[in-house]
Structures are given as C-alpha cells and as structure tokens.
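Below is one structure; the comments refer to it alone.
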C-alpha cells in the first residue's frame, strides 16, 4: 500500500520563508564582499596606473557569461602580525573555469588590491586545485599574474605553496597548454611558475619580472637600474627571451591569449582546432618565383615568403602569429594555418644577421619545436641558413650545446615535418634545420637552393687553394726575366681566378640537384607551387603515426 503523501502545512511554510530569504540574502552579501576585493579605493588606484581589475581581466579572457568561479569564500589561516583581523573572501586570488571560443579553459587571476596579490597557503591551494582539475579534464591553464610575491607574514608555508604550483606546472608540461600573462609585478620565486609554462606575455609599462629587484641589486652589486630596464616587457621580449609576447595594455594582452589559444589543442591527445577557410589550398603566388635576389649575399624578408604561402586572413593577407618576434630575430617562429590547419613555422631570417644560427636563435627555435611536437602541431621549416655564428663569444657561450638543442628537438619530433629550402643550406646548419636525415617527411627545395658544406666563396679557398697558387706561379713565370708582378697585379689575377672557381663550385655543388640525386631532397619545385605541395603533404600526413624508442625521457643538451 502506498503511504500517504506528506503535505507541509501553510503555517510551516510561512515560518520557513523568512528563514529561506535570510539565507539567500546572506549568500548574496557574501558574494558582494568577495567581489569587492581590496575595495574601490585600491581598484581606482590600480586603474589610474593603467591596470584592469582581476575580475575585468577574466571577463575579457573568457567568452561572455561562461566563467564559473571556485573557492570564492576561501580565506587565509594566518594569525601572526594581526593577520587574523584581516581576512578577505577569496584571499586575493580568483580561480575557476570558463570557455574561450567555446572550449573549456581553466584560469586564475591575482588581485593586487588584496595583500598585493601575495601568495598564501590558502590561495596557493586554490591554484593547485584548478591545475589538478585542468589535468584531469584535459584543458589549458591560463594564469593572470599580478603579485608582490610570497606573503611574508606566512613564512615557509607560502614558499611551500609556490613549490606545490611549480610541481603542477612541471607535471602539466606537455599535457595541457599553459599560458602566463604578466599584468603587474612578478618577482622572486613567483617568476619560476611562468618560466615553466609554455608562453609568457607581458604588458608595456605595467608589468615586470625579476628574481631580485633594483634595491637588492644596488646593495649587492652597486649597480643602479630601474624596474623597467631590469625586468620590463621590452627587456624580456628583446634581450633575455623570457617573454614571448608584448602588449600595450591588459586588454590587448588578453586578446592575444585568446588568439594564441585558437591555434592550440586543449591537450596532448587532441588535434589542433581546424578552421574553415576560403583560401584555395592550391593557390599559386607568382611573386614567389622572383622573390629570391639574384645575388646570394643579398637579403630578403623570409616573413614575406611565409605569408605568401600560408592561409590568408579576412583582409586577404597571409597570417603569421609570431612568437618571440623581438628576440633572436635571425630566426622566425610562430603559428599559421594551412587549409585551415594550425601549423608551427620555423624559418631562418636572411634579413637579420643573414639568418645565421646563434645561441639565442637555437634555443628559441628548439623550445618552439618541442612545444609543437608535444601538442600535435605539424612543423613547416623554411630554410636559408649560411651556418652557425662564428666567434669567441659564441664558442665560450656554448654554441655547441645550444645548437645541439635544435638538432635534438627536430630529431625527437614525431609530428608531420616539412622543410622548404629557399636558398642557402650550408654545413652543420643544413643538418640541424629539419633535414631529411632527421626523419623529416617531405623536403622540398627551390631551384635557387644552395646545399653544400659551405658557401662557394669559402669553399674555393680550401678546395682550389693549390690551383690558385699554380695560376699565380704561371703568371709570374710568364713575365720577362727580371720583371716581377706588382701586388696589385697579383691580386687582380687571383681575383679573376677565384671568380672562375666560385662559379665552377656553385654550378657543381651549390645547387639542389646533387642532394636530389641522393634522395635527400624529395622534389625541386617551382616556388609558386609551394603552397599546393605543402597542403597535399599535410593531407597525406594527417594519419601519420611515429613513436620514439621506449624510455623514461631523453637527456636534451642544456
């Protein structure tokens, strides 16, 4: 028999309604207090300095109305130094998740108006929680950093919080994309979390990063330096290479984060998000047939080559989203699309230092290659490299081990790899720049390619040394008795002979056909056909599966 349904009496309903409304009012009040942060006065001060609030930043980062906040009411547990009387819900960090272009993204934002955005045991645990969740569901992590560092009042537990975060950064590396936006100060131990993440963005005038600040440096080394000169956006984008992007302000920075995420998969098991495009995958650009200068020592802009090959944007211009654009400018790395597919671009830049590989260029490219390989992004290499940078500073700085990083990265990568040699491919740099011998899937060369141990001018001095000496001896032997060649005549004879030998060497070796005969080049193609050939190869390689030998991990040169 079905038991009778219990019906609440009107009297009990009347009694519980005020209680219910009171609870809801309390919840609303608690939300309001948490969202107030450090108060309107402090927010106004930050705004006057050109900075958005933590919540405004999250609103710009995520798709409208998608943010779901977590741990909003967490407070610190410290009691020393009067901290027990200073508790703010959220404890200065806003954490949660939302969506960027429809895909789930986890994020945290440090609120400088609450204890200077300092890290505590409690808010470190908030970050750890969202990082762990991001790993479980396979979604990117974006950190909006604006912090004075560890909370001094909490001592070692604050340092332990940083270390807990560093561990998650390391475990998440290569599993989900990690992006750090530096939107204010980031000093001391705080800098090491962004350093482990995949990409770091900074804003002009309002952000800086350093291990020790100007005051400490002045005390220890007696050097005078400003915060901007020591660790501002220009310093880390142009000199140190710590940062990958620079933005004018918070809004532009967050727009760049969204754009960066559009090229990346959510995790290492996903494919990069493909977009519909109106750009014909077989489009030919006739300008490429004449883009290489007639003289091999004349520069040209490799970016112009790349943008003529990759997909065009809405304005009809080939779109390349450069990474570390202002650092090691002799190499170009960045993201583009080919028939809607995200691809990673690595290219020597003959317009800067002739595109030579040096320490900074090698490190910059190696880390980018490894990122693309970790996240299933195909790699396209445009090669025009005269070799490695010579000099005492480079040798003493470790060009051998740093150059080996790029070699290691390309050799280790198992994603689809395609290389286009546009002009020079000399010496060890030929080997390093994704040559066929590093398991590259398709190696193309333009007719202008020069593939050799070294350039003709240098090679002639070695290969034809005896012949040049013989030419000079014969010229001297043909002179009337008692008459000698002047130094000017000797130089003129040698110059003419060298010119002939340079032309001979270039015709015999400095071309793509010797390598093509060996199978080191899969095809010598008309430059205007490059886009079609690359897209056809990417279609063919879409099901590529390749694995490295089973091992815990390799030991990349450091």
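Restricting the range 414-434 to residues that are free of Cβ contacts under 8 Å to residues at least 60 places away in the same chain and closer than 10 Å to residue 379 by Cβ, the residue that is nearest to the chain's Cα centre (by Cα) is 417. None of 54, 49, 29, 25 is in the same structural domain as residue 116 (by TED's automatic domain parsing), surrounded by fewer than 18 Cβ atoms within 10 Å (Cβ to Cβ) and either without any contact (Cβ under 8 Å) to a residue 24 or more places away in the chain or under 22 Å from residue 108 (Cβ atoms) (or both) except 49.
Screening residue 479 with (1) over 28 Å from residue 506 (Cα atoms); (2) within 35 Å of the chain's Cα centre (by Cα); (3) surrounded by fewer than 18 Cβ atoms within 10 Å (Cβ to Cβ) gives one miss only, at (2). If you filter the range 379-402 down to residues that are farther than 30 Å from residue 288 by Cα and in contact (Cβ under 8 Å) with a residue 24 or more places away in the chain, you find that the one that is surrounded by the most Cβ atoms within 10 Å (Cβ to Cβ) is 402. The single condition among (1) over 19 Å from residue 119 (Cβ atoms); (2) over 18 Å from the mean Cα position of the chain (by Cα); (3) in a helix (DSSP H, G or I) that residue 166 does not satisfy is (1). Selection of the range 452-471 for residues being over 30 Å from residue 435 (Cβ atoms) and in contact with a helix residue (DSSP H, G or I) (Cβ under 6 Å, 6 or more places away or on another chain) yields 468, 471.
Put simply, of 25, 85, 34 the only residue that is more than 26 Å from the chain's Cα centre (by Cα), farther than 30 Å from residue 135 by Cβ and modelled with pLDDT of 85 or more is 25. Quick one: in the range 507-558, which of the residues that are without any contact (Cβ under 8 Å) to a residue 60 or more places away in the chain and touching a strand residue (DSSP E or B) at 6+ places or on another chain (Cβ under 8 Å) is nearest to residue 307 (Cα to Cα)? Restricting to residues being without any contact (Cβ under 8 Å) to a residue 60 or more places away in the chain and touching a strand residue (DSSP E or B) at 6+ places or on another chain (Cβ under 8 Å), the top hit is 513.
The values are calculated or read from the model by the stated rules, or taken from the named source; none is laboratory data. What you are looking at is a predicted structure, and each value in this text was computed from that prediction instead of being measured. With ideal geometry, Cβ positions are generated from the backbone for all residues, glycine too; neighbour counts draw on all protein chains shown.
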